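Just so it is clear, none of the values below were taken in a lab; they were calculated from the coordinates. Quantities reported herein were computed from a predicted structural model and do not represent experimental measurements. No Cβ is skipped: glycine too gets one built from the backbone with ideal geometry, and neighbour counts run over all protein chains shown.
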Amino acid sequence: MTDILILEGVEKTYDSGFTALHGVDLTLREGEILALLGPNGAGKTTLISCICGTVMPTRGKITVGGFDALTDYRRARSLIGLVPQEIHLEPFSRVMDTVRYSRGLFGKGRNDAYIEKILRDLSLWDKRDSRVMELSGGMKRRVLIAKALSHEPRILFLDEPTAGVDVDLRKEMWEVVANLKAAGVSIVLTTHYIEEAEAMADRIGVINRGRLALIEEKAALMSRLGRKTLKIELETPVAVIPDALTSYGLQIADGGNALVYEYEAGASRTGITRLLSDLRDAGLCLSDLSTRQSTLEEIFVGLVHQQEENA
Amino acid sequence: MNPTAIKAMYVSEMARFFRTFMQSFLSPVISTSLYFVVFGAAIGSRIDEVEGVSYGSFIVPGLIMLSVMTQGISNASFGIYFPKFTGTIYELLSAPVSFIEVVIGFAGAAATKALFIGAVILATSALFVDLQIQHPLVMVLFLLLTCISFALFGFIIGIWAKNFEQLQLIPLLVVTPLVFLGGSFYSINMLPPVWQAITMFNPVVYLISGFRWSFFGVADVPIITSLLAIGLFQALCLIAVWWIFKTGWRIRK
């Protein structure tokens, strides 16, 4: 896979003296979905703004599809569609007009057939003649996506597409994003909903305090950092852990009705087989077993705290 | 240059004008008619001639200038301030367009609107008074330069303004007084000598005087001075726009 977007040492210090980004290196592969996770104020929006041209980076190099984002901004920006975090739309304009306007602004000739396709894909076709102010919040967000897609970009930036959006609409957004990926668009989305990254992303980057703490394949990240727990429910409760089982670091749960064993999800030897046979030898009868993998959220919180301790 | 993008901005700005077409069209017609009723018929009937021109006709160039300047400023300043206010400016900043193209699209549309309104007022005036235009080419040149300069000036105000109050501030506190005191409704020669001297510091005097010369062949200042004045103003606006473009002042953080 080729890298469609390359960031090298991108730094941003605002006039106020606040440094929002400290030398970020990042690549986006063609056709992938990259989720950038981070707490509020981590620098996610600044990073996107530097790439899209709404904020001037203080230092560093940004290359979009082989074109420098500063010196060759026309060709670089033509490849990019931006869906901002806030709903920024002119209230009095009509849906069709505002999408057409976006296409023209990016220098593309009029193509109503293509715009019809986008509006239909986003379930906005029926609303094409409505004024923006008459639309619901979810529809407005889709209008923003339609505007961003109007000039056929190869990279789409979604800045917190589901912030403050209800569950149904969030699922709908995920579907829209999945369809875009299927159509070959590379996507960068920022979010602080971990489940969103977990549901959609191919790779996950974590930003905290203006630094990219890590960037990794979602599956690899989950298995590398994810802890799994095995919950063993017992037929008869125990008060203390039998001596033969002390080496496993078990914990008593549910008032003695269950034991909890924690292990590395990616480890080659988990010790489960030996634990189960030792349980039988200790004379414990099992009524049920369940395992649970730590969520990205727990991984994320762990990482952020770790970074803060190091700082 | 990206002509498609310029056209998109221009068309979108003009669409706002046409959305409120009746208002854009009717308000200058009504206000011009009112000026003629008050200054032309009621007061003007008691004034003989000014510089050999009937008072009703004499005020026409001033009236047109007054509207063209204020409309040029308000349309352009609002046009670029509104995207800043609604946040839709993100789209302009992330689009593959240069600032010069944005200026051409936005200020160009504002200048077009001002020109249209100037033409409407001229046509309305013709219903009330006898109009003669001795130098139609100079008249059109003056009108065009004024529309463009004041649209550029308005664009700069729109970029500078941080709220609606500031947007109104300069037109209200600076431009309107200068226009009223710039000889829209009187000849500078009618003032006492001291005020005549002071008035010469008012840049609007040169514009109105030159514009009036194109109608009647009489002027308070030589026509070449007037042309230099509007040329200088336009150059200053262009330099300011260029500086904004270079520094990204109040646009790109």
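Remarks
- Order of A:190, B:176 under a 10 Å beta carbon neighbour criterion, fewest first: B:176, A:190
- Likely footprinting exposure, A:285, B:237, fewest C-beta neighbours within 10 Å first: A:285, B:237
- Seen through its C-alpha gyration tensor, with square-root eigenvalues sorted a ≥ b ≥ c, chain B comes out prolate because a/c lies at 1.5 or above while a/b is bigger than b/c.
- Model label sites at residue A:152 and residue B:132, defined 7 Å from Cα along the beta-carbon direction, differ in position by 6.2 nm.
- Net charge, residue A:19 excluded, C-beta distance under 9 Å - Lys, Arg +1, Asp, Glu -1: 0
- Mean projection area, nm², convex hull over Cα of the protein assembly as shown: 34.5
- Length available on full extension from residue B:224 to residue B:98: 0.36 nm per residue minus the Cα-Cα distance, which gives 41.9 nm.
- Fraction of antiparallel bridges per DSSP, the protein assembly as shown only, in percent to nearest 5: 70
- Phi-derived couplings, Karplus 6.51 cos²θ - 1.76 cosθ + 1.60 at θ = phi - 60°, listed residue by residue for the stretch B:230-245: 5, x, 5, 4, 4, 4, 4, 5, 5, 5, 4, 5, 4, 5, 4, 4 Hz, with x used for Gly and Pro.
- Prolate/oblate/rounded label for the stretch A:76-163 (Cα gyration tensor, a/c 1.5): oblate
- Sequence-distant contacts, meaning Cα pairs under 8 Å at least 6 residues apart, place the relative contact order of chain B at 26 percent.
- Three-way shape label, the stretch A:1-71, alpha-carbon gyration tensor, a/c 1.5: oblate
- Max mean-square fluctuation residue, GNM over chain B, Cα-Cα springs under 10 Å, options B:173, B:122, B:232: B:173
- GluC sites (Glu not before Pro) restricted to DSSP loop in the stretch B:1-98 with at most 15 other C-beta within 10 Å: B:51
- Rounded Å value of the spacing that divides the Cα centres of the stretch A:86-165 and the stretch B:129-182: 36
- Rg to Rh, two decimals, where the stretch B:83-153 supplies the alpha carbon set and Rh follows Kirkwood: 1.17
- Relative contact order of the stretch A:3-223, pairs being alpha-carbon contacts under 8 Å that are 6 or more residues apart, as %: 30
- Charge dipole (the protein assembly as shown, unit charges on Cβ, about Cα centre) - positive-most of B:20, B:234, B:200: B:200
- Stokes-Einstein diffusion coefficient of the stretch A:3-223, Kirkwood radius over Cα pairs, 25 °C, 0.890 mPa s, in µm²/s: 138
- Calculated [θ] (222 nm, deg cm²/dmol) that DSSP helices of n ≥ 4 give over the protein assembly as shown, each run adding -39,500 (n - 2.57): -16500 deg cm²/dmol
- Annotation for the stretch A:191-287: trypsin sites (Lys or Arg not before Pro) lying in DSSP loop with at most 14 further Cβ atoms inside 10 Å of their Cβ are A:269.
- The mean sequence separation of alpha-carbon pairs under 8 Å and at least six residues apart, normalised by the residue count of the stretch A:227-293, gives a relative contact order of 51 percent.
- Cross-link pairs A:108/B:253; A:44/B:246; A:127/A:147; A:108/A:181; A:44/B:253 - those with Cα-Cα distance over 25 Å: A:108/B:253; A:44/B:246
- In whole angstrom, the stretch B:21-166 maps to an equivalent ellipsoid with semi-axes of 35, 16, 12, each derived as √(5λ) from the alpha carbon gyration tensor and ordered largest first.
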